Structure formats: structure tokens, C-alpha cells
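The values are calculated or read from the model by the stated rules, or taken from the named source; none is laboratory data. Since we're looking at a predicted model, the values are computed, not measured. For neighbour counting, all protein chains shown are included, and Cβ atoms are generated from backbone atoms with ideal geometry for every residue, glycine included.
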Amino acid sequence: MAEGSKRAAAPKATGGRVGDLVFRSAKIFPDFQPPSHLKGEFPGDYGWDWAGLCVDEERFSFLRQAEIMNGRWALLGAMGCLVPELLVRNNSAKIFGDGVWFKTNAAALTPEGANILGFGFGLGNQLATLFVSTILVIGATEVWRYNGSGGGFEGPYDTLYPGWDPLGVCEDPDTFAELKVKEVKNARLAMVSFLGFLVQGLVTGKGPLENLADHLADPTANNAVTNIAGVNSARILGA
């Protein structure tokens with residue numbers, strides 16, 4: 001049975017055991033009790049569901065998949081926001097737009113289409129080119145993952161953990177269980193971080209590293225309150 005589709009007993013040391021949860025929460029919320037539908041079976045399950053979104057098993061299964069898959073994209077996206085700017089700030093590379101993540105794509109997207117690594121292709125429209133290329137590159141693999149088969153691999157396989165482990169880091173079950181927890185925790189942080197990068201870009205027009213440098217140089221003048229209070233609405237609206 002695929003772990004991504006139905007509830008199943010988790011391997012040892014998932015990091016989401018109810019006993020661990022109660023122990024960790026006792027010092028802050030001594031009367032806290034996890035809801036009955038969250039039993040610590042899955043990585044990152046710490047019994048917090050104040051809105052009751054996970055009471056229904058089918059919805060819970062969907063939300064688990066959505067969190068993990070969006071979290072993986074956020075991990076890649078957050079790294080993609082930081083690395084180009086870091087390379088430029090260290091004079092390690094010349095990247096269009098000073099490496100700022102929301103400016104670098106302008107070098108690849110032209111009015112006629114896209115130019116990636118010197119290979120041009122397009123449909124005469126930026127958005128159309130971006131949409132079609134995304135469907136071609138990501139759509140097929142996502143269909144294979146969701147169906148648990150295809151892509152030249154023997155199926156059926158787990159829709160969340162299909163078995164791709166070229167380095168063999170997950171051969172030990174306890175190590176694999178621990179890595180699942182670390183993945184979920186870091187994915188949640190990455191999703192929040194990416195949202196922060198987006199808001200920063202809209203408000204300040206700068207990348208995350210430049211915003212961090214400004215804040216460290218003058219925390220009183222450069223923080224969330226002062227930046228949002230003095231935001232230039234014309235920049236946000238693109239005027």
C-alpha cells in the first residue's frame with residue numbers, strides 16, 4: 001500500500017510520535033492533548049490541527065501530498081532565490097539583474113519566447129512559452145508520480161517516496177525515517193521563507209540577501225514595519 005495514499009504505520013523514529021509531542025509540549029502547554037485523528041503516524045505530525053482539516057482521511061492524504069510536493073518545490077525555489085544573488089555579491093559570477101531572483105528571468109524571457117542556455121524557442125508570447133514549457137517538463141513527471149507508475153520505472157511505486165535514491169542514503173530504515181522528518185521540517189521553513197522573499201521583493205524591490213544586509217546595517221530603519229509603512233505602491237503595481 002502506498003504511503004502517500006492511505007494511513008499506515010510509520011517506521012521507527014519518525015519524529016512525530018504522540019509521546020514525544022506531549023513531552024515536548026508539556027512545558028509550554030501542560031494541558032495540550034493532540035486530536036484523536038492525529039496519531040503521530042507520519043513524518044512531521046505533531047498533533048496540531050486547530051482547524052480540523054485532517055479529520056477526513058481522504059483530505060488528510062491529499063494535504064500530506066500537497067505539503068510535501070509544494071515543500072520540495074519551495075526548497076528548490078528558496079535556493080534558486082539565494083544562490084544567484086550570493087554568487088554576484090561574492091563576485092563569483094556575472095548574472096543578469098545583479099542576481100536578484102525576480103530579475104534574472106528577464107534575460108531568458110524575450111518578447112518572442114525564451115532563450116535558455118543559448119537555445120531559443122518560443123510561441124511569440126512570453127506567458128504562452130512559459131506555460132507550455134512548464135507543462136512539457138513538469139507535467140509528464142507529475143502524472144507519473146501521481147499515478148505511481150511510468151517514466152521507465154517499474155511500478156507501482158509510492159507516490160511520495162518512489163524510491164529514487166542514487167546515493168543510497170536511505171537504505172537504513174531508521175535513517176530514512178529521520179530524513180523524512182527533516183525534509184518536512186525544512187520544507188515548511190522553505191515555504192514560509194519563499195513567501196517572505198516574495199513580500200520583500202514587492203515591498204523593497206531588492207533580493208533577500210540585500211535586504212538582510214540592509215537590516216543588519218541599520219535594524220531600526222530597515223525592518224518589516226518601516227519598510228511596509230513606507231512602501232511605494234507604484235512599484236508594487238508595476239506603474
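Please go through segment 181-211 and give me each residue that is hydroxyl-bearing (Ser, Thr, Tyr) and either crowded, with 20+ Cβ neighbours inside 10 Å or at pLDDT below 95 (or both), ordered by number. Steps first, please.
To start, the set of residues in segment 181-211 that are hydroxyl-bearing (Ser, Thr, Tyr) comprises 193, 204.
Result: Thr204, single match.
On the given criteria, is Thr159 of a type in the set (Ser, Thr, Tyr), in contact with a Pro (Cβ under 6 Å, 6 or more places away or on another chain), at negative phi and modelled with pLDDT of 75 or more?
So Thr159 does not fit the description; no.
Just give me the residues in segment 64-79 being of a type outside the set (A, V, I, L, M) and either closer than 19 Å to Asp158 by Cβ or modelled with pLDDT of 95 or more (or both), in sequence order.
Within segment 64-79, Arg64, Gln65, Glu67, Asn70, Gly71, Arg72, Trp73 qualify.
Does Leu63 satisfy the criteria of being without any contact (Cβ under 8 Å) to a residue 60 or more places away in the chain, in a helix (DSSP H, G or I) and among the aliphatic types (A, V, I, L, M)?
So Leu63 passes the test.
Contact list please: Cβ distance under 7 Å, first residue in segment 44-60 and under 16 Å from Gln33 (Cβ atoms), second residue outside any helix (DSSP H, G or I) and of a type in the set (A, V, I, L, M), pairs at least six apart or on different chains.
Correct list of pairs: Asp45/Leu38; Gly47/Leu38; Asp49/Leu38; Cys54/Leu38.
Any idea how many residues of segment 138-147 are more than 18 Å from the chain's Cα centre (by Cα) and surrounded by fewer than 12 Cβ atoms within 10 Å (Cβ to Cβ)?
The total comes to 0.
Give the residue that is nearest to Asp214 (Cα to Cα), with candidates limited to residues of segment 89-106 that are among the polar types (S, T, N, Q) and not in a loop (DSSP other than H, G, I, E, B).
The first filter runs over segment 89-106 and keeps only residues among the polar types (S, T, N, Q), leaving 90-92, 104-105.
Keeping just the survivors that are not in a loop (DSSP other than H, G, I, E, B) gives 104-105.
Working: Thr104: 21, Asn105: 24 Å.
Filtering segment 89-106 for residues that are among the polar types (S, T, N, Q) and not in a loop (DSSP other than H, G, I, E, B), the one nearest to Asp214 (Cα to Cα) comes out as Thr104.
Can you tell which of Pro84, Pro34 is touching a helix residue (DSSP H, G or I) at 6+ places or on another chain (Cβ under 7 Å), in contact (Cβ under 8 Å) with a residue 12 or more places away in the chain and either in a loop (DSSP other than H, G, I, E, B) or surrounded by fewer than 12 Cβ atoms within 10 Å (Cβ to Cβ) (or both)?
Matching residue, one of Pro84, Pro34: Pro34.
Does Arg235 satisfy the condition of being farther than 24 Å from Met69 by Cα, among the basic types (Lys, Arg) and modelled with pLDDT under 90? Don't jump to the end; show me each part of the working.
Values: farther than 24 Å from Met69 by Cα: yes; among the basic types (Lys, Arg): yes; modelled with pLDDT under 90: yes.
Yes: the conditions hold for Arg235.
When the residues of segment 37-58 are narrowed to those that are loosely packed, with under 12 Cβ neighbours inside 10 Å and within 19 Å of Arg188 (Cβ to Cβ), which ends up modelled with the lowest pLDDT?
Trp50
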